[in-house]
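Notes follow the structure.
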Amino acid sequence: MYREFFSRTMIIVFAAIAAAVSGAALAQNQMPSTGTLTDNNTASSMTLDEAKEQYLAAWNQTEFDAAFSTFVEEFSAAGYGVYQEHGNVFRPGETMVLYVEPVGFDHEQVIDEEGNTLYLMNMTADYVIASGNGTELQVIEDIPVGSIVSHRSNMELFLELTLTQASPFPVGDYLITYVVTDEVSGESFMLEKQVTVAESPS
């Protein structure tokens with residue numbers, strides 16, 4: 001009984017394999033001889049420049065905002081996505097640096113002395129410092145945080161929003177509101193960050 005069952009099972013398995021191989025061969029014979037993808041099945045190929053143009057078109061429809069933000073060690077931001085993170089607990093007098101990756105900012109065309117078309121990206125920020133219970137303590141306005149003139153419409157741009165404790169903050173909790181403005185488009189976005197000032201941060 002076992003041998004008969006085993007034999008029947010193997011016949012079924014071999015039949016399935018043969019069908020699969022035949023189907024694969026048939027499908028291969030029906031593919032275009034050039035090996036290229038056709039519009040009937042998938043999207044046609046696109047050059048890198050065409051892809052960049054589509055990306056820029058989508059970018060221009062994107063709302064000005066922050067895609068990512070985190071506190072970082074002072075002087076550690078060496079490029080887009082290159083930094084050393086810092087927690088939200090600081091010592092009295094320690095500089096607070098918020099790393100921000102903005103999206104949707106505009107590019108203003110400018111002409112240099114040689115008649116070349118360049119692109120200006122220009123952003124400023126306001127800082128509103130409040131105590132843990134929401135009492136406003138200080139407002140710092142119109143801080144230049146990013147002004148670049150480039151030969152390209154750059155989209156990988158990072159900002160460092162630096163807050164120096166000219167007078168060390170007393171130990172406690174604070175709410176810092178950052179308002180970043182794209183001076184080219186006039187649009188703004190806001191980030192709220194809770195921070196703690198402690199004598200011995202863990």
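Quick rundown of the values:
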item	result
Potential extension, Thr62-Asn154 segment - 0.36 nm per residue separation minus Cα distance	31.7 nm
Förster radius 41 Å - calculated FRET efficiency between Asp173 and Ser45 (Cβ-Cβ, nearest 0.05)	0.15
Simple spin-label estimate for Tyr55 and Ala78 in nanometres, 7 Å along Cα-Cβ	2.4
Projected area, mean over directions - segment 50-195, Cα convex hull, nm²	10.1
Pairwise FRET efficiency - Arg91 versus Val184, Cβ, R0 = 45 Å, nearest 0.05	0.75
Which of Ser150, Ser200 is most accessible, then next, and so on - probe 1.4 Å	Ser200, Ser150
Per-residue HN-Hα couplings for segment 84-96 [Karplus 6.51, -1.76, 1.60; θ = phi - 60°; Hz; x = Gly/Pro]	10, 5, 10, x, 9, 10, 10, 7, x, x, 6, 6, 9
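The values are calculated or read from the model by the stated rules, or taken from the named source; none is laboratory data. Since the model is a prediction, treat every value here as computed from it, not as a measurement. Methodologically, a virtual Cβ is constructed for each residue, glycine included, from the backbone with ideal geometry; neighbour enumeration extends over all protein chains shown. Note: accessible area is taken over every heavy atom of the protein model, side chains too, but ligands, DNA and RNA are not part of it. Shrake-Rupley method; radii C 1.70, N 1.55, O 1.52, S 1.80 Å.
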